[in-house]
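Right, one structure below, let's go through it.
Derivation of every value follows stated rules applied to the coordinates shown; laboratory data play no part. Note that this is a predicted model, so its numbers are computed, not measured. Glycine gets a Cβ as well: all are built from the backbone with ideal geometry, and neighbour counts include every protein chain shown.
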Amino acid sequence: MEEENAIELLQRYRRDRQILLDFVLSGSLIKKVVMPPGAVTLDDVDLDQVSVDYVLNCAKKGALLELSEAIRDYHDLTGFPQMNNSGSGDEFFLVTDLDSSGSPPKRAPPPVPAFTPPPVYTPPAVIAPVPIPTPSLTETNVSRSESFESSHARELTVDDIEDFDDDVDVEVNSMRMSRRNPNDAADLALKLPSFSTGITDDDLRETAYEVLLACAGASGGLIVPSTEKKKDKRSKLMRKLGRSSKSGIVVESQRAPGLVGLLEAMRVQMEISESMDVRTRKGLLNALSGKVGKRMDTLLVPLELLSCISKTEFSDRKAFLRWQKRQLNILEEGLINHPVVGFGESGRKASELRILLSKIEESESLPPSTGELQRIECLRSLREIAISLAERPARGDLTGEVCHWADGYHLNVRLYEKLLLSVFDMLDEGKLTEEVEEILELLKSTWRVLGITETIHYTCFTWVLFRQYVITSEQGMLQHAIEQLKKIPLKEQRGPQERLHLKSLHSELEEEGSFRDFSFLKSFIVPIQSWADKLLGDYHLHFSEDPRKMGNIVTVAMLSRRLLLEESETAAESMSRTDKEQIEFYILSSLKNAFSRVLHSVEKSDRNHEHPLALLAEETKKLLKRDSSLFIPILSQRDAQASIVSASLLHKLYGHRLKPFLDGVEHLTEDVVSVFPAANSLEEYILTLITSACEELGADIHIRKLALYQIESISGTLVLRWVNSQLGRILGWVERAFQQERWNPISPQQRHGSSIVEVYRIVEETVDQFFALQVPMRLTELNCLLRGIDNAFQVYANRIIENMTNKEDLIPPLPILTRYTKESGIKAFVKKEIFDSKMTDERRSSEINVLTTPTLCVQLNTLYYAISQLNKLEDSIWDRWASKKNQKSMDEESKSGTKKKESFDGSRKDINTATDRICEFTGTKIVFWDLREPFIDGLYKPSVFHSRLEALIEPLDTELSKLCDIIVEPLRDRIVTSLLQASLDGLLRVILDGGPSRLFSTSDAKLLEEDLEVLKEFFISGGDGLPRGVVENLVAHVRDVIKLHGYETRELIEDLRSASGGNMHSSRYKPGADSKTLLRILCHRSDSEASQFLKKQYKIPKSSV
C-alpha cells in the first residue's frame, strides 16, 4: 500500500513539474527559447529531461535558453548528490547505499575551491570558430546556484517570476551557438590584421547593426517601437516564437510589413536585444534632430551615439561602460588605426584623438559631476576633429556626401561580414533564411557607408557562405558559395573607378616572421584556395567517406586560382603552373600521402606469411583501383591525363621500395615467390590503366617513360636457373630408372616397363613445381623446360636401342657362289668377311640371346607408352600455360610463331626411330636367329619337294603367338609386318643365296609359288591378321623372283646378257630380273647349260656337291 502511495505521489510531482516548466517556457520569463534538434514545439520536448535549475538561472539572467543545454545539464547532474536548498548547506542526499558503502573515510575531505569568474573571452583577430569551453562540475553548480555557502540563496517564488520584464536591459550572450555540431574552421581565417584595440566579434556585430539602422534611417524607415508591456505575457512569447501549441507545428511569426518588419527580423537574426535596439534607434533619431538636410547614413554613428545616449538608459553601470568602450574602440580603429586617408607626416590629429578617447574613458572614474563635465568637453572636442577626418573626400566622392569613418579597409569588410551572417537560419545554420533576398537588398543601403562595391560584396558573401559550409558541412551552402564565386567580376569586367578603388585596398600581415602585403581579393580568396588546396592535397583522406563532395571543392579551387591569377603579385608566381599542372599537383600530393599511410599500415601489420613488399603491392593496387574509380573521373574533367599521372606515380613510388629487393635476389626463394607475382600484377594493372586512358600510340610514349620493374626478365633468369637444375635431376632419374629396368610387364593390363612410369613421374613432378612457381614467366622459360623434357625422352629412347646389335649381326654370311670366279683380292675379302662375321657372331651371340622376344615386346610397349603419354603431357603443359598467362600474352605468343604441337617433335622422332629399329630387329631375329636352323639352313634341302615351307608354319605361329600375347594392340600390325618382311627376306635368302647345296629346276617354280601362297595366307590369317593389301604389296617382289625360276635356262641367259648390257627396258624384260638376281638363279640351276655358261662367262667354279 505504501509503495502504491509512493508511486502515485511521484507521478503527481512529475505532472506538477511538467506544468510549471511549460508555464515558465511559454510565458515571457524567458527572452528566447531555442528548440533542440528535431523538435518543433514544446510538445516535442520531453520536459522530464529538462533541468529546472538551468531554466530558472536563464530566467533570472534574461539569457537565451537552449533546451539542448538544459537537457544536457539534467543528464550531467543526474549521478551527483542533490542539494537541499531549504535546509543547511551541509545537508545532501547520498546516491549510494549507506549499508553497502563500507566504513567512512578516515581522511578529511578536500576544501571546496573558491569560485573565480571566468576570464573575459577575447577572440583572435581572424575569423575563426570560437571554442566553447565545457565548465567543470564545480563551476557549473556554483554559477547556477550562486554558492553552496551563500546566505542569500533562496527559492524563486511566483512573485519574483512576475517581476521579470522582457523589455529590461539585459545583454544577451555574445557567443553564437551553432545548432549543429560545428566543424573546426580554425585554419580558415581571413588574411587581415588584428585590431589593436581588441575589438571582439560581438563588438563588430553590434556596431554593424548600428550601421544598418543608420542606413535604414536614411530612407525614413527608422521608428522606435512601443515599450508598453502586454498583459498576456504567455501570448506575447508565443507570438514572438511563432508557436501554436494546439496544432503542434511551427507557424511563421507574423512580422510587420516592409522595412520595419525586415529590421525586426534582422535584429533577431543578429541576436541584438530589444533594449539595445530601442536605445540605438532613439540615439540616431536624436542625433539627426536639428540637422536639416543631413542624411542619417552620413552621421559619424559611434560619435553621435556617444553624444545622444546617456548612462541612465542602461540597467547598470557595467553595461554602459562596456557599450562606451566599444564605441570608443570603433572610433579609434576607423579614424586612427585604419583611415582611408592618412594624417600626414605630423600625425598630430591622431595623437589628439587618442588623448580625447582616453579622457572620455577616464571620466567614468571621476566624481559624477566632474566626470560628466569632462566627458561632455571631450566629446565636443572629439567632434571637431573627428568630423573633419570622417568627411574628407575619398573614393571619388564629394565632401560631405559620405562619412568615411569605417573605411580602413578591413574594418568595413569585417562589419559587412557580420551583416551577411544574418542570412543564415538561426535554427539550422546550414540553411539560408527565407528573407535572404530581402536582407541582401537591405544590406545594399550600407554600401555607401562601408565603401562596398559589387566585387567586394560578392567576395565577402562568398567568404561567408564558404566558411559556413566548412562549419556545417552542408553541401547546399557550398553550392551557394560557388554561385557567388562565379559572380565575382574579373578585372576587365570591373569599371575603372572600382578597379582603382580595389587597387588601393591592401593590408600587411605578418606570416612566418615577415610581413606580406595582401590585396583585398587575396585576403579573402587565398584562405579559401588554401583550404581547398589542403583538402585536395590529400583527397584520399578528406573525401574517403563521400568522394562526390570532391567535385565542388575542385571547382572552388579552380575558380579561386582564376581570380588570384589576375592579381599582379600572384600572377608572376602562379603563371608557371597551369590548371592542368595544378590538378596533377593534387594527384601527386594526395597519392604520396595515401601511399605513406599504406606503407605505415603495412609496416605495422603482423602478416607473418606474406612479405611486406607483396602486401604493399596488394594495398597499392587497391589504392589505385579506388583512386581510378572514385576520384580520377572527377579530376579527368579538368585533366584528361589524370589517370596516367596517378598510375605513373604509384608505379614510381612502389618501384623505389621494390628496387633494393630486386637488386639482391639471386635464386628462387619464398620471398621471391611472394613478392614477384604481386609486383607484376600491380605493374600489369598500371599499364592497363595507362593504355585504356589513351590511344595505343600515346600509351607507348607514356609507358616508355616508366622505369619498368623488369619482373619477367629477372624472374625468367631465376626460373631458368631452377629449370636447368631440375632438368639435370630429371636426366639423373632417367639413367637411374633405366639401370633398374628388367623389362618385365608391370601387369597384364600394363604391359610396359616400370622405368617409363618413373620417368613420367619425375617429369610431371617437375612440371607441377614449375607451374606452382607463382612468379611471372615468359615463353622462354617454358620452352627451356619443354626442350629439357624433350631431351630427357630422347635420351631414354636412345638408351633402349643403345646396346642393341645391328641387324647384320643376326644374318649369317652369304655363301660363296659356285661357278663364280673372283680375283685374289676379292677372295681374300670374302675370307676376311667370313672370318669377321664369325668373330662378330661369337662376340654378339650372348647379347642377342638376352634380347628375347618378350623383352623386345616390352621395350616396344614402353616406347609406345612414352609417345602416347607424351601427347597428354604436352597438352596439359600448354593448357596450364594458357591459364597462367592472360589472353593478350597468348595472342602475342601465337604471333611469334610458337607451335604448341612441335614441343616434343625430337622425342617423337627418336621414339618412332627406336620403335622401327626394334620391330625390324625383332622380325629379323626370329627368322635369322631363332629359326635359323629350320628356315635359313634347312628349308629346301636337299630339294624343294622334300622340304616344303609348311614345316615352318608351326614355329612361325609359335613366335607370332609370343609377340601377340605381349605386344599392345596398336603395335600388333607393326611388329607382325616386320616379321612378314623378315620371313620374305629369309625366303629370298634361301632361293637366291642358299649355297651350293640348294639346286632348283624349272619344275620347282610351281612348288615355290605354293609355299609363298601358304606364307601369305598365314599372315593374313583369314582376315584376323594383316590386311591383305599390305601382305600382297610385300609378297609381290618375292613372287616375281619365284617366277624367274620357272623360265628356261636359255631364256634366263639371254635376259642376263641383256641386263649385263644395260638394256633393262627391252621388250623381254621380266619383273625382278636384274643381273644379280638372274646370276644367282643360274648359279642354283641344276643345268649343264647354265653351268657351262657360268664357267665360261663368269669363271664360277663348279659346285663340290
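Working from the Cα coordinates of region 431-522, the gyration tensor eigenvalues give, after taking √(5λ), semi-axes of 25, 20, 13 Å in decreasing order. Pairs of lysine residues in region 917-1098 that meet both criteria, 8 or more places apart or on different chains and Cα atoms under 26 Å apart, total 25. Annotation for region 734-753 versus region 597-624: alpha-carbon center distance of 52 Å. Annotation for region 1014-1064: GluC sites (Glu not before Pro) lying in DSSP loop with at most 13 further Cβ atoms inside 10 Å of their Cβ are Glu1048.
Over all orientations, region 917-1098 has a Cα convex hull whose mean projected area works out to 11.2 square nanometres.
When all alpha carbon pairs of region 643-795 are counted in 10 Å bins from zero, the resulting P(r) reads 10, 29, 24, 17, 11, 6, 2 %.
Shown here: region 586-709, whose C-alpha atoms stretch 44, 30, 18 Å along the first, second and third principal axes, sorted largest to smallest. With all pairs of separate Cα atoms included, region 724-771 yields a Kirkwood hydrodynamic radius of 11.4 Å.
Between the amide H of Phe1000 and those of Arg1085, Ser1086, distances stay under 5 Å, these residues lying 5 or more places away or on another chain, with hydrogens modeled in the peptide plane. Computed on region 455-569, the Cα convex hull volume stands at 108 Å³ per residue. Taking 22 Å as the cut-off for C-alpha to C-alpha distance, list the pairs among Lys282/Lys359; Lys282/Lys311; Lys592/Lys652; Lys191/Lys534 that go past it. Distance filter (> 22 Å) returns Lys282/Lys359.
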